[in-house]
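Written out below as structure tokens is the structure these notes cover.
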Amino acid sequence: MDDVFIVDGFAGKKRLEGEISVNGAKNASLIAMACSILFKDELSISNVPQIEDISRMSELLEGIGARITADEKNTLVISVSNSVNSSLVSDIAKWLRASVVLTGPLLGRFGSVSLPHPGGCVIGERPIDIFLDGFRKMGASVHEEDENYTLKAPDDGLRGAEIFLRVPSVTATEVFLMAGVLANGKTLIKNAVMEPEVVALAHFLNECGAKISGIGTPFLEVEGTGPLESKGKSFKTPPDRIEAGSFILLGALAGKDVVVDSCEPNHLDALLGMLSSMGVIFERGEDFVRVKESLHPLAPKEVKTHEYPGFPTDLQAPMTVLLTQAEGESLVFETIFEGRLSYIEALTWMGADILELDPHRVLVRGPKPLHGKVLKSPDLRAGMAYILAAILAEGPSEIGNAYNIDRGYERLENRLSDIGVAINRK
Ligand code: EPU
């Protein structure tokens, strides 16, 4: 049976105090793990969070024959020999959307890859057309049968190509970056994303011999170099900006004086700008954000999700919880995924006043007190929103499907307890 989080709410009182540290970014570690396939020698990745998605990615890599050792806490060392099989374990790949990032390096290095349609959170359709189109441009053939795909590179390897991303996709940018390193000639990725996870990785690959230019812009150019050598260099996973943002929002909701440390405030401009204009009082340091008790009623806001450096879709649900406490009408516009507002039903049941305008937009009227309920986490980020709502609410809440939250947040109950949250796992 799946674990359940039990939370005793504070009925809107500001009680949390202390320091909470941010771990390495889930999505940066996942992509770095996929990058290990680009390396002739072993790749060491540090600051890796101990979460379910990382365990599943390890299993996928081991399934193709990679060797993974955890040489110290939060460090993985991965080596991928020339004798791997490039067929992804169906059950895991189906479930983990990030499995799609393995396609680029596997196809580039071993000439073929087969995988089922990759799953992930229940946040929308999540097609893979952009990946398939790009691989075709690089000369690969794509065979699809019953939602299983087999991709084959030309005999002389992938060809560099000009790839325009129909929508700026994070994982597609990463996939073509990696495929481009192993391809013959030049690959130009247009409409690439600028997420810090992609930027950190591209810089690291260059340190290891890749030739990537345009890093941090929507035009990435990759000169194919073939497999890389890390020569003992280690990729340090940057701090998780979504975890940091979630904790900062928690501080704004229920904090007296909460320091969110080991984070990178420069990656959080969209959130911090919004909070400051709402009236949340905080101090922004070099690697911390200290949230203090806000004295005034919070101002309502319009939140529209956007690729980085815009407002992250992964913080949209936790942000909506804060908006339930702002005085007046706020608008939330989810532009990236079509299924990412389904959590509002639960918040409404808890007492929030939220009106669905269409599948992408909701109107939030506040402030409204919330009441504890028995809920089930539908996905990772909505699950975090439920935890925040439960802390704010009056009375106890139970949040089932804790597994969905464990996918992205390490030992959440221990870390939240340390700053005063009344939370347990059963
Ligand atoms: N899209 C297509 N076709 C494709 C690929 C994407 O239409 O072939 C669409 C998607 O349906 C979506 C949009 O493009 O509407 C953007 O999605 P994107 O591809 O950027 O999402 P992703 O790469 O699958 C990553 C993160 C997500 C995060 C999004 C947006 C990883 C492993 N996942 O997903 O993280 O929400 O970017 O920032 O990096 C999470 O951590 O909770 C999470 C879901």
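The table below lists the values:
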| item | result |
| --- | --- |
| Residue under evaluation Val170, criteria (1) touching a strand residue (DSSP E or B) at 6+ places or on another chain (Cβ under 9 Å); (2) open to solvent by 50 Å² or more (accessible area, probe 1.4 Å); (3) within 16 Å of the ligand (Cβ to nearest atom); (4) not polar (S, T, N, Q), criterion not met | (1) |
| Matching entry among Phe333, Phe337, Phe311 (being in contact with a His (Cβ under 7 Å, 6 or more places away or on another chain) and within 16 Å of the ligand (Cβ to nearest atom)) | Phe333 |
| Matching entry among Asp91, Asp53 (being over 25 Å from Leu182 (Cα atoms), open to solvent by less than 10 Å² (accessible area, probe 1.4 Å) and modelled with pLDDT under 95) | Asp53 |
| Any chance Arg109 is surrounded by 18 or more Cβ atoms within 10 Å (Cβ to Cβ), in a helix (DSSP H, G or I) and away from the ligand (no atom under 12 Å from the Cβ) | yes |
| Subset of region 334-358 [surrounded by 15 or more Cβ atoms within 10 Å (Cβ to Cβ) and touching an Asp or Glu at 6+ places or on another chain (Cβ under 7 Å)] | Arg340, Leu341, Ile344 |
| When residues of region 146-166 are limited to those that are at pLDDT below 95 and assigned to a loop (DSSP other than H, G, I, E, B), the one most open to solvent (accessible area, probe 1.4 Å) | Asp146 |
| Residues satisfying the stated conditions in region 68-79, i.e. open to solvent by 40 Å² or more (accessible area, probe 1.4 Å) and free of Cβ contacts under 8 Å to residues at least 24 places away in the same chain | Thr69, Ala70, Glu72, Lys73 |
| Within region 340-377, tally of residues that are assigned to a loop (DSSP other than H, G, I, E, B) and either within 16 Å of the ligand (Cβ to nearest atom) or among the polar types (S, T, N, Q) (or both) | 7 |
| Residue check, Val101 out of contact with any Cys (no Cβ under 7 Å at 6 or more places or on another chain), under 30 Å from Pro378 (Cβ atoms), in a loop (DSSP other than H, G, I, E, B) and open to solvent by less than 10 Å² (accessible area, probe 1.4 Å) | no |
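Quick grid of which residues meet (1) out of contact with any Lys or Arg (no Cβ under 6 Å at 6 or more places or on another chain); (2) open to solvent by 10 Å² or more (accessible area, probe 1.4 Å):
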position: Ala385; (1), (2): yes, no
position: Leu388; (1), (2): yes, no
position: Glu398; (1), (2): yes, yes
position: Gly420; (1), (2): no, yes
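The values are calculated or read from the model by the stated rules, or taken from the named source; none is laboratory data. All values reported here derive from a predicted model rather than from experimental measurement. Quick reminder, even Gly has a Cβ in these numbers, built from the backbone with ideal geometry, and neighbours come from all protein chains shown. The accessibility values were calculated without ligands, DNA or RNA, using every heavy atom of the protein model including side chains. Shrake-Rupley method; radii C 1.70, N 1.55, O 1.52, S 1.80 Å.
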